[in-house]
Amino acid sequence: MFSSFKPYAILVMLVLFMVPFASASEKPCVKLDPVGLHAAPEYTYLKEGVFQVISSRLAESGVAVLPACTAGNLSFTLTLFGGSATVTADLTGFGEGFHGSRTGKEGDLLKTVEALTSEVVAVIKGSQKTPATTSEVFHEKKRVPAKEGPSVEFRTRPFDGIVTTLAVGDVDGDGSAEGIAVASTRLLVLTFKEGRISIEKEYEIDNYLRSVRANLLDLNRDGRDELILAGIHRATEKPLSRILSFDGKSWHSAVRDEGLLLDVVTLPGQKERICIGQGLSGLEFSFPVYHVSMRNGELVRTSLEEMPEGFGVLGWDSLVVQNGQEHIFRLNPQGGLEFWEKGAKRVWRGNAGYGASLNYVTNLKGQKKIEERRYLPARVMRVESATMKGVALTQNKARMGGLFEGMKGYKKGRVAVISWNGYEVKGLSATKGYEGFVPDFSVGDFDGDSKLEALFPVVQSSGLTSGRTYFVFSELE
């Protein structure tokens, strides 16, 4: 009789024995409430960003964040006041639950949030008793820096001259990319092939233009990119831009615009890159900002009323970032990087040597002829590929710790690609650093291998007027 029940008894025992192991193999879950915030209105953006930090930290630790979870509920509250940040966490369920807080400097907010989240994870996983409210220093793992150092890199031999700007495009309509670099009155044509770069040809241009920014864009829709040279007139110190076209043998001046500095950007809410222009009144940018196009061989200006007051034409680009929202990365006149939400609301500002510039406009003040100088922002360029979505910009470090001090002693000049993850600027990739100054760059798939590359000059010089330059062609991914 008992023998007939034996198989069923064994089956029941196996099921009972396996239940704890099945439960242990599942991830613990928690419902995460929206982050509470006690701070000035300009810090509202932190609610979403910190929520993502907490969610990511929980997921990395094996805790699932679900819209509904019977196991427990988690809420965080931030209080910012007088340069300090207090983070409070409340966890229900999981035994006695958890209530804890940490206080630190406002600049260390993310470290404080991550430290407190680690305590919550420990409670959820049952690896420690519920800790008391604490504010001690938490030693976290060192952050992983942005990917640096390409797998493919090529340099040209140094040559005499200082390259101030360059651009990449298709100037002859053959479907292949060419690089155009400007060194005073010299126009250098660069070609790409199998990860190598070479200076193919050299042309002379007029010497009255001090070139600030070069761009390549098909303004007249003929299938060939025109060279847009924006700069400052050497004699008058007024803005001057020239449009040059290439006929396969030589460059011709298609049109010039006295009074505008030109650049190429992607406007917020748009996908096509366009040429924009703006004038200068003394040392200050004047308004409005114009959309500049070409019609019947002439430049046409259309006012861009949506551009926010205070934005200069140079040194910014837009990017669709978190949750499909569009934002603007901008370099301010002091060389600091700013991040703006659509609608011209600044939400972040920092300075890590981004965008140091050699280009400037001067003004003589008073009878003593005291020279005032305004440095013009360096390039910011939108970058989008299957594996990378951000903006690229230069990063230069002066040996003496300052920016805008000429060409004496720059080190670790490089090109970096960054983005915004909702709460801070995030490094995506970067080239190696080089002994010298990187004044400009371009990013794209130049050799047709479906990988992003950066092309940039590295200037080694003892002053602003003489020196040597070499080009670097480097993979970014």
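Of note:
- Test for Leu116: is it part of a helix (DSSP H, G or I), open to solvent by less than 30 Å² (accessible area, probe 1.4 Å), modelled with pLDDT under 90 and out of contact with any Ser or Thr (no Cβ under 6 Å at 6 or more places or on another chain): no
- Region 193-235: number of residues that are more than 26 Å from the chain's Cα centre (by Cα), under 15 Å from Val182 (Cβ atoms) and surrounded by 17 or more Cβ atoms within 10 Å (Cβ to Cβ): 5
- Residue list for region 271-321, filter: in a strand (DSSP E or B) and among the hydrophobic types (A, V, I, L, M, F, W, C): Ile274, Cys275, Ile276, Leu280, Phe285, Val292, Met294, Leu299, Val300, Trp316, Leu319, Val320
- Residue in region 392-401 that is outside any loop (DSSP other than H, G, I, E, B), within 26 Å of Gly259 (Cβ to Cβ) and modelled with pLDDT of 70 or more present: no
- Which listed residue is surrounded by 15 or more Cβ atoms within 10 Å (Cβ to Cβ), in contact with a Pro (Cβ under 6 Å, 6 or more places away or on another chain), in contact (Cβ under 8 Å) with a residue 24 or more places away in the chain and not small (Gly, Ala, Ser), from Val182, Val163: Val163
- Just one of the listed residues (Phe51, Phe21) is out of contact with any helix residue (DSSP H, G or I) (no Cβ under 9 Å at 6 or more places or on another chain), at pLDDT below 85 and not small (Gly, Ala, Ser), namely Phe21.
- Scanning region 257-316 for residues that are charged (D, E, K, R) and buried (at least 19 other Cβ atoms within 10 Å of the Cβ) turns up Asp257, Asp263.
- Boolean, Glu96 is under 29 Å from the mean Cα position of the chain (by Cα), assigned to a loop (DSSP other than H, G, I, E, B), at pLDDT below 85 and acidic (Asp, Glu): no
- Selection within region 82-110 - basic (Lys, Arg) and in contact with a Gly (Cβ under 9 Å, 6 or more places away or on another chain): Lys105
- Output for region 43-70, where each listed residue is open to solvent by 40 Å² or more (accessible area, probe 1.4 Å) and in a loop (DSSP other than H, G, I, E, B): Thr44, Leu66, Pro67, Ala68, Thr70
- Val189 vs. criteria open to solvent by less than 40 Å² (accessible area, probe 1.4 Å), modelled with pLDDT under 90, of a type in the set (Val, Ile, Thr) and assigned to a strand (DSSP E or B): no
- Given (1) at pLDDT below 90; (2) surrounded by fewer than 18 Cβ atoms within 10 Å (Cβ to Cβ); (3) assigned to a strand (DSSP E or B), number of the condition Ser419 does not satisfy: (2)
- Residues considered: Ile197, Ile205, Ile232. Of these, the only one that is touching a Phe, Trp or Tyr at 6+ places or on another chain (Cβ under 9 Å) and more than 24 Å from Glu298 (Cα to Cα) is Ile197.
- One residue stands out in region 166-179 among those that are open to solvent by less than 20 Å² (accessible area, probe 1.4 Å) and free of Cβ contacts under 8 Å to residues at least 60 places away in the same chain: the one that is nearest to Glu202 (Cα to Cα), namely Glu178.
- From Leu280, Leu260, Leu267, residue being over 17 Å from Ser241 (Cβ atoms), modelled with pLDDT of 85 or more and of a type in the set (A, V, I, L, M, F, W, C): Leu267
The values are calculated or read from the model by the stated rules, or taken from the named source; none is laboratory data. This is a predicted model, so every value here is computed, not measured. A quick note on method: Cβ atoms are made from the backbone with ideal geometry, for glycine too, and the neighbour counts reach across all protein chains shown. The accessibility values were calculated without ligands, DNA or RNA, using every heavy atom of the protein model including side chains. Shrake-Rupley method; radii C 1.70, N 1.55, O 1.52, S 1.80 Å.
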